[in-house]
Amino acid sequence: MNVSFHPGEIWRDTDGKPIQAHGGGILYDNGLYYWFGENKDGENYLDESKGFLHRVDVIGISCYSSTDLLNWKNEGLVLSAEKNNPQSDLHPSKVLERPKVIRNPKTGKYVLFAHVDTADYQYARIGVAVSDAPTGPYQYLGSLQPNGHDSRDMTVFQDDDGAAYLFFSSEWNKTLRIIKLDDEYLQPTNIETTAFVNQSREAPAVFKRNGKYFMISSGCTGWDPNQAELAVADSPLGPWTVLGNPCIGTDADITFYAQSTFVFPVAGKKNTLIAMFDRWKKDNLRDSRYVWLPVTFDGDQVKIGWYDEWTVTIFER
Ligand code: GAL
C-alpha cells in the first residue's frame, strides 16, 4: 500500500512494479482515476543519425487505474506499437509521447490524443484514437497536423462547458497554438489562436480555477530540465499573460529537475490541484521519475513547492 506521495522516488503499482506512465495525464471517470502515459520500459539508445537523441522505441501507451491517486492498478497497454508495419505512426521506430484522454459527453467515447512523430521529430503530428471504455482498447484513427500546423509537445484541455482545446508547440516549437476541437473531439475547428509567439514554450499543462485558466509550460531543452513558466487567461484561447515561475524553494529554477505534463483537480474537493511533472533520465528513460506536487494559491498567486512526502490532506491546512 502506498500511503503518501513521494515525488522523485520509484512509484510502484499494485503488482509492485514501477509505474510506466511518462509524459502522462489523468482522466477522472465514474469514480475512478485513470493515468495514461508513455511506457518507456525498453532499451535506451542514442540515435546518432537523428542528432544524438536519447530514445526508447515505442512500446505503447499505458493505463493505470486508482481510487485514491496513490495505489495504481496496471490496466495494460491501451494503444500498442505496431511492430510489423514500418509505415505506421505506431511503429516502434517512431515517437509516441504525452498521451491525454478525455471523454466526450455527447458520443460517450473516450478520445486519446498524443504527440506522434518520426525519430527525427520532423513528422510533428497529433495522433487520435477512440474507445468505448477508458481502459481501451483504443482504435487508432490516424494523425493530423491541426489546420496544417506542425505539432510537437501537446495537451488537451476540456472545459466545464464541454468544449475541448488542443494546445501544442508549433512552428518548430517557437510558438504555441491553441485550437478548439469540434463537438465530437475528433477534428479541429477553425477557431484557433497563437500564444507565447517566438517564446519557445513546450510541455503545456492547462487547468482552471475560479473561472481563470492557467497554463504551466517549460522551455525547450529536450530531456534536460529548465525553468517553468505560468500564464493566466480569461479564456482557453487567451490572451495569455505570463506570471512567471510558479515553483518556489530549492531547485525551483529547474522545476525540481523535472518538466510539466499535466495538472488536475482532486475529485469532489474544491481548489485542490495536483501538478504532474516528469523527472526525465535521458540515459535511462524507463527510470524517469514522477514528481507530483500540490498547487497552492496565495491570493491569486500560484505556488508549487517541494515536498519529500505529502498527501491530499495538505489541502485542508
Ligand atoms: C522534450 C519534450 C519531451 C520529449 C523530449 C525529446 O522537449 O518535452 O516530450 O519530446 O523533448 O528530446
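The values are calculated or read from the model by the stated rules, or taken from the named source; none is laboratory data. Quick caveat, the model's predicted, so the values are computed rather than measured. Quick reminder, even Gly has a Cβ in these numbers, built from the backbone with ideal geometry, and neighbours come from all protein chains shown.
Some observations on this one:
- Tally, over region 1-20, of residues that are under 16 Å from residue 62 (Cα atoms), in a loop (DSSP other than H, G, I, E, B) and touching a Pro at 6+ places or on another chain (Cβ under 9 Å): 1
- Filter pass, residue 47 being acidic (Asp, Glu) and at pLDDT 95 or above: no
- Scanning region 190-224 for residues that are closer than 25 Å to residue 254 by Cβ and touching a Lys or Arg at 6+ places or on another chain (Cβ under 6 Å) yields 198, 200, 217, 223.
- Checked against the criteria, residue 199 does not count as under 16 Å from residue 97 (Cα atoms), free of Cβ contacts under 8 Å to residues at least 40 places away in the same chain and either within 14 Å of the ligand (Cβ to nearest atom) or in contact with a strand residue (DSSP E or B) (Cβ under 9 Å, 6 or more places away or on another chain) (or both).
- Qualifying residue in region 24-35 (condition: of a type outside the set (Gly, Ala, Ser) and more than 22 Å from residue 269 (Cβ to Cβ)): no
Matching residues to (1) assigned to a strand (DSSP E or B); (2) within 16 Å of the ligand (Cβ to nearest atom):
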position	(1), (2)
54	yes, yes
65	yes, no
82	no, no
90	no, no
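- Identity of the residue in region 119-173, in a loop (DSSP other than H, G, I, E, B), among the aliphatic types (A, V, I, L, M) and within 13 Å of the ligand (Cβ to nearest atom), that ends up nearest to residue 191 (Cα to Cα): 124
- Exactly one residue out of 147, 84, 74 is farther than 28 Å from residue 216 by Cβ and either surrounded by fewer than 19 Cβ atoms within 10 Å (Cβ to Cβ) or within 18 Å of the chain's Cα centre (by Cα) (or both), and it is 84.
- Scanning region 21-49 for residues that are touching a helix residue (DSSP H, G or I) at 6+ places or on another chain (Cβ under 6 Å), more than 21 Å from residue 203 (Cα to Cα) and in a loop (DSSP other than H, G, I, E, B) gives a single hit, 41.
- Residue 262 vs. criteria assigned to a strand (DSSP E or B), within 20 Å of the chain's Cα centre (by Cα), of a type outside the set (D, E, K, R) and buried (at least 17 other Cβ atoms within 10 Å of the Cβ): yes
- Residues of region 281-317 satisfying the condition of being part of a helix (DSSP H, G or I), at pLDDT 95 or above and acidic (Asp, Glu): 287
- Residues in region 185-231 that are crowded, with 16+ Cβ neighbours inside 10 Å and among the aliphatic types (A, V, I, L, M): 195, 203, 205, 206, 215, 216, 228, 230, 231.
Residues checked against (1) part of a strand (DSSP E or B); (2) at positive phi; (3) at pLDDT 95 or above:
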| residue | (1), (2), (3) |
| --- | --- |
| 184 | no, no, yes |
| 203 | yes, yes, yes |
| 231 | yes, no, yes |
| 235 | no, no, yes |
| 256 | no, yes, yes |
